[in-house]
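J.: Let me begin by handing over the structure; questions about it come next.
The values are calculated or read from the model by the stated rules, or taken from the named source; none is laboratory data. Please read all numbers here as calculations on a predicted model, not as lab measurements. Positions of Cβ are generated from backbone atoms using ideal geometry, with glycine treated the same way; all protein chains shown enter the neighbour counts.
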Amino acid sequence: MIRQFFKKKAHLLFILLSANTINAQWIKQESGTDASFRSIHAISKKVVWAGGSKGTVLRTTNAGATWQVIKVSGAEKLDFRDIYGVNEKVAYIMSAGLAEEGAAKVFKTSDGGNTWKVVLEYKDKGVFFDSMDFWNEKEGILIGDPIDDKPFILRTLDAGNTWLRINKEKLPPVLEGEASFASSGTCVAIQPNGRAWLNTQSRIFFTSDKGETWQVYQTPFKKGQTAGIFGLHFWNENQGIAVGGDYKNDKEKIDNVAITHDAGKTWEFLPTAKPDGLKESGWRLPNKSLLLVGTSGTSLLGEDGGTPPEPEWKAIDTESFHAISCFKDACWAIGGKGNLAKWK
């Protein structure tokens with residue numbers, strides 16, 4: 001939040017969906033809460049964590065057959081904008097801010113959500129957390145809105161017990177008004193061997209060594225106070241997508257998804273994902289199709305005519321979801337007022 005494939009090599013990226021996926025759709029699940037959710041993490045086909053408003057966390061250990069509603073003690077006024085599950089017992093949740101209001105915090109549980117410990121807290125004015133991710137159970141990274149004209153990036157190397165800001169002298173300067181959107185918990189994308197991509201509205205900050213060195217790359221997204229990139233997803237060390245739009249004009253036709261084949265150095269817009277409008281989070285399924293969600297609805301690429309050279313998007317619905325997470329072909333999406341669904 002800001003305080004408040006491309007036709008090239010298409011044949012390598014798009015195939016028709018398998019028969020059992022062509023008719024796939026979102027099937028609603030009972031969340032048991034009216035909290036608003038902007039973060040979800042599927043760590044297996046059975047275990048999923050989600051973080052939301054009013055200090056609320058959801059957890060399932062049975063593939064969504066039932067969901068446990070967890071209220072984090074002392075966090076009743078906090079809005080959890082990102083979550084990372086290590087396993088069914090261990091998870092991290094991130095409250096974005098404002099820091100000066102005591103709301104920029106990261107909590108950790110080691111007992112399945114029964115108890116939570118604050119492992120990171122900032123109270124300095126201007127600090128606002130946007131997104132986080134982990135390479136493994138000990139090493140993770142977090143991005144916040146820029147401070148002192150430099151990206152605000154934190155790193156942990158000891159399972160979240162301590163977090164240190166990456167030396168700003170190692171980082172490129174930010175542009176005027178540049179920041180990220182804490183809208184889906186997907187402003188950070190991780191791949192093995194120390195790779196991480198962090199997005200602002202129109203640029204990508206990349207590290208190949210867990211934050212020791214950085215490059216910055218331009219995307220075709222236009223930077224705006226309410227517009228730009230809202231989320232990233234990489235499925236290998238070279239290929240990924242960036243999704244976005246404008247949250248104040250979230251049904252407007254706009255370029256809303258771009259792809260990279262070279263680890264983020266260059267990006268190219270795909271055809272506009274249908275239904276038109278804002279896309280906040282996306283995923284590449286095992287059958288190579290792309291599934292995107294946002295307040296404008298769900299988009300699927302790879303079906304009915306989605307073969308090269310002119311891939312076409314299918315508008316699945318106009319249901320509003322903020323975030324998506326998948327483990328292989330098991331996907332969940334989540335949004336406002338406890339809106340929760342599984343892809344079947």
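J.: From the list G277, G244, G264, G231, exactly one residue is closer than 17 Å to E312 by Cα and crowded, with 18+ Cβ neighbours inside 10 Å. Which is it?
T.: G277
J.: Taking the stated definitions as given, is P173 part of a strand (DSSP E or B) and more than 15 Å from T260 (Cα to Cα)?
T.: The answer is no for P173.
Let's see how each residue does on (1) β-branched (V, I, T); (2) under 30 Å from L164 (Cβ atoms); (3) in contact with a Leu (Cβ under 8 Å, 6 or more places away or on another chain); (4) at pLDDT 95 or above:
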site	(1), (2), (3), (4)
Y217	no, yes, no, yes
Q225	no, no, no, no
A263	no, yes, no, yes
W267	no, no, no, yes
G297	no, no, no, yes
I316	yes, no, yes, yes
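J.: Moving to a separate point now. Any residue that is β-branched (V, I, T), part of a strand (DSSP E or B) and closer than 27 Å to Q68 by Cβ - is there at least one of those in region 290-298?
T.: Yes.
J.: Residues that are within 19 Å of F152 (Cα to Cα), at least 1 per element: which strands (runs of 3 or more DSSP E) completely within region 60-133 meet that?
T.: 80-85, 91-95, 104-109, 117-122
J.: Still on this model: Out of all the residues in region 55-77, which are buried (at least 17 other Cβ atoms within 10 Å of the Cβ) and in contact with a Phe, Trp or Tyr (Cβ under 9 Å, 6 or more places away or on another chain)?
T.: Selection gives G55, T56, V57, L58, R59, T60, G64, I70, V72, A75.
J.: Moving on to the next point. For region 131-169, how many residues meet the condition of being within 19 Å of I204 (Cα to Cα), under 19 Å from the mean Cα position of the chain (by Cα) and charged (D, E, K, R)?
T.: 3
J.: Residue under question is S31, and the condition is that it be buried (at least 17 other Cβ atoms within 10 Å of the Cβ), over 18 Å from the mean Cα position of the chain (by Cα) and either among the aromatic types (F, W, Y) or at pLDDT 95 or above (or both); does it hold?
T.: Spelling it out, S31 is indeed buried (at least 17 other Cβ atoms within 10 Å of the Cβ), over 18 Å from the mean Cα position of the chain (by Cα) and either among the aromatic types (F, W, Y) or at pLDDT 95 or above (or both).
J.: Related question: Looking at region 129-139, can you tell me whether even one residue there is surrounded by fewer than 17 Cβ atoms within 10 Å (Cβ to Cβ), touching a helix residue (DSSP H, G or I) at 6+ places or on another chain (Cβ under 9 Å) and under 28 Å from Y247 (Cα atoms)?
T.: no
J.: I need the full set of residues from region 140-160 which are surrounded by fewer than 18 Cβ atoms within 10 Å (Cβ to Cβ) and at pLDDT 95 or above, in order please.
T.: L157, D158
J.: Scanning region 170-196 for residues that are among the small types (G, A, S) and either in contact with a Cys (Cβ under 6 Å, 6 or more places away or on another chain) or buried (at least 20 other Cβ atoms within 10 Å of the Cβ) (or both), which turns out farthest from I324 (Cα to Cα)?
T.: A179
J.: For residues that are assigned to a strand (DSSP E or B) and either within 16 Å of D34 (Cα to Cα) or small (G, A, S) (or both), tally how many sit in region 316-338.
T.: So the count comes out to 5.
J.: Continuing with the same structure: Quick check on my filter: what residues within region 134-170 are closer than 20 Å to N87 by Cα and part of a strand (DSSP E or B)?
T.: Answer for region 134-170, where residues must be closer than 20 Å to N87 by Cα and part of a strand (DSSP E or B): F134, G140, I141, L142, T156.
J.: Can you tell me which residues in region 97-117 are surrounded by 22 or more Cβ atoms within 10 Å (Cβ to Cβ) and among the hydroxyl-bearing types (S, T, Y)?
T.: Residue satisfying the conditions is T109 alone.
J.: Would you mention how many residues in region 256-287 are part of a strand (DSSP E or B) and farther than 24 Å from D329 by Cα?
T.: 2
One line per residue, one yes/no per condition, for (1) at pLDDT below 95; (2) under 22 Å from V127 (Cβ atoms); (3) in contact with a helix residue (DSSP H, G or I) (Cβ under 8 Å, 6 or more places away or on another chain); (4) not polar (S, T, N, Q):
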{"residue": "R38", "(1), (2), (3), (4)": "no, yes, no, yes"}
{"residue": "T60", "(1), (2), (3), (4)": "no, no, no, no"}
{"residue": "W67", "(1), (2), (3), (4)": "no, no, no, yes"}
{"residue": "I93", "(1), (2), (3), (4)": "no, yes, no, yes"}
{"residue": "E101", "(1), (2), (3), (4)": "yes, yes, no, yes"}
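J.: Note down all Cβ pairs under 6 Å where the first residue falls in region 223-236 and is closer than 16 Å to S131 by Cα, the second is of a type in the set (A, V, I, L, M) and outside any strand (DSSP E or B), and they're at least six residues apart or on different chains.
T.: Here the result reads none, with nothing in region 223-236 linked to a residue that is of a type in the set (A, V, I, L, M) and outside any strand (DSSP E or B).
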